[in-house]
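One structure is given here, and the rest of the page talks about it.
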Amino acid sequence: MNSKIIANGILRALAVIIGIALLLYFIYAIRSVIGYIAIAGVLSLVGRPAIEFLENRLKFHPTLAVITVMVLFVLLVLGIISLFIPLVIEQSHNLALLDVDLLKQNVEYIYSEIIDYFGIRKVDVETQIEEAEIFSEFDFGMIPDFLNSVISGLGSFSIGLFSVLFILFFFLKDRSLLVNSILSLFPKSEEWRLSRILITIRDLLSRYFGGLLLQLLILFTIYSIILLIFGIQNALIIATLCALLNVIPYVGPLISAILICLLTITSNLGEDFQAVILPKTLYVMIGFIIAQLVDNFFSQPFIFSASVKSKPLEIFLIIIVFGLLFGIMGLIIAVPLYTTIKVIAKEFLSEYRIVKKLTKDL
């Protein structure tokens, strides 16, 4: 092997490395567009059963069915925005004139009431808090800045929403567009097998996301009833937020519990702690636990067994593994990604016993 061949090999290797680096940089640069396409793809899976219902049962024209589903998506987004935006604007206006000292007094009041009720050694705890200077170190002024940054991000959100809806229209109008786009990236000899895989994945994920919406609707209904019964301010907004947080397995319900507990306490500031705040908070938390029991023993098993054909223990382990590897995002994408991997494994690795066992219900 002469020096010319070695030099050519090195140059080719460098060219491949540079090409891969440029490709990764390009993907990173257009990550927002990729995100828009991914979101539109998920929404198309959710909207597909509705379109089939309108076309097959109600005899809608295909284009009219797509437009109807698009309108429903837009109305849903506008409905969620109509809940949150007025509240954010109102709170931003109020916090512009925020009395930081009053807010600190309210926090200290809640702390003092809890200490008194549970009989904790108040002097020792207060001394430790004063030495740590918790309240003096905490910058309450960052709250208005945070809300202002949220409002400033609404412009970017609007652009993203328009982009997703535009892409979604074509995905819904031509339901083979997404599949054909993916098939074009692979050799034609594998087109039949890949087409079968993609159709199976599409059907499974479509049922999964439809079931997930049903799960969130059940939680929203239970949360709303509980919060409205006990007269918690902004009950529907809190219920919507806590239901959406349930998309994050295990971590979401924990955050929801803390959020509901804090908002129940703060919505009753000035009331007697022992007679009003503590009992109301306990009742709300009992209702929250009931909602989680319904979700864990009814909603989730129904979704996992009927949609993605996976056992609850199997899903539990996969969610834990993905969470450890990829954090919060891993918890969210664990079930859809695992389902995709199972379908691909069944097609290409069906000779292995473990694959055959895991995919026997697909």
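The values are calculated or read from the model by the stated rules, or taken from the named source; none is laboratory data. Worth saying up front: this structure is predicted, and the values here are computed from it rather than measured. Methodologically, a virtual Cβ is constructed for each residue, glycine included, from the backbone with ideal geometry; neighbour enumeration extends over all protein chains shown. Just so you know, the surface numbers come from the protein's heavy atoms only, side chains and all, with ligands and any DNA or RNA stripped out. Shrake-Rupley method; radii C 1.70, N 1.55, O 1.52, S 1.80 Å.
Taking region 113-210 and the helices (runs of 4 or more DSSP H) fully enclosed by it, the elements with 2 or more residues that are within 30 Å of Phe304 (Cα to Cα) and modelled with pLDDT of 55 or more are at 154-173, 177-183.
Taken together, Ile248, Ile255 contain a single residue that is at pLDDT 80 or above and assigned to a loop (DSSP other than H, G, I, E, B), which is Ile248.
Going by the structure shown, is Val284 open to solvent by less than 70 Å² (accessible area, probe 1.4 Å) and without any contact (Cβ under 8 Å) to a residue 24 or more places away in the chain? Talk me through it step by step, then tell me what you get.
Numbers: open to solvent by less than 70 Å² (accessible area, probe 1.4 Å): yes; without any contact (Cβ under 8 Å) to a residue 24 or more places away in the chain: no.
In short, no.
Comparison of Arg31, Arg57, Arg48 shows that the only residue that is modelled with pLDDT under 85, among the basic types (Lys, Arg) and loosely packed, with under 12 Cβ neighbours inside 10 Å is Arg31.
Suppose we filter Ser32, Ser44 for residues that are farther than 27 Å from Ile199 by Cβ, assigned to a helix (DSSP H, G or I) and small (Gly, Ala, Ser); which single one remains?
Values: Ser44 fails: farther than 27 Å from Ile199 by Cβ.
Exactly one residue qualifies, and that residue is Ser32.
If the condition is being surrounded by 15 or more Cβ atoms within 10 Å (Cβ to Cβ), closer than 19 Å to Met285 by Cβ and among the polar types (S, T, N, Q), then region 198-237 contributes Ser224, Asn234. Within region 269-277, does at least one residue satisfy the condition of being open to solvent by 70 Å² or more (accessible area, probe 1.4 Å), within 18 Å of Ile218 (Cα to Cα) and assigned to a loop (DSSP other than H, G, I, E, B)? No, region 269-277 has no match at all.
Report yes if Ser195 is out of contact with any Asp or Glu (no Cβ under 6 Å at 6 or more places or on another chain) and open to solvent by less than 40 Å² (accessible area, probe 1.4 Å), otherwise no. Judged against the criteria, Ser195 is a match. Being within 20 Å of Ser82 (Cβ to Cβ) and either touching a His at 6+ places or on another chain (Cβ under 7 Å) or surrounded by fewer than 18 Cβ atoms within 10 Å (Cβ to Cβ) (or both) holds for only one residue in Leu259, Leu244, and it is Leu244.
When region 223-237 is filtered for residues that are farther than 27 Å from Ile320 by Cα and either assigned to a helix (DSSP H, G or I) or of a type in the set (Val, Ile, Thr) (or both), the ones remaining, listed by number, are Ser224, Ile225, Ile226, Leu227, Leu228, Ile229, Ile232, Ala235, Leu236, Ile237.
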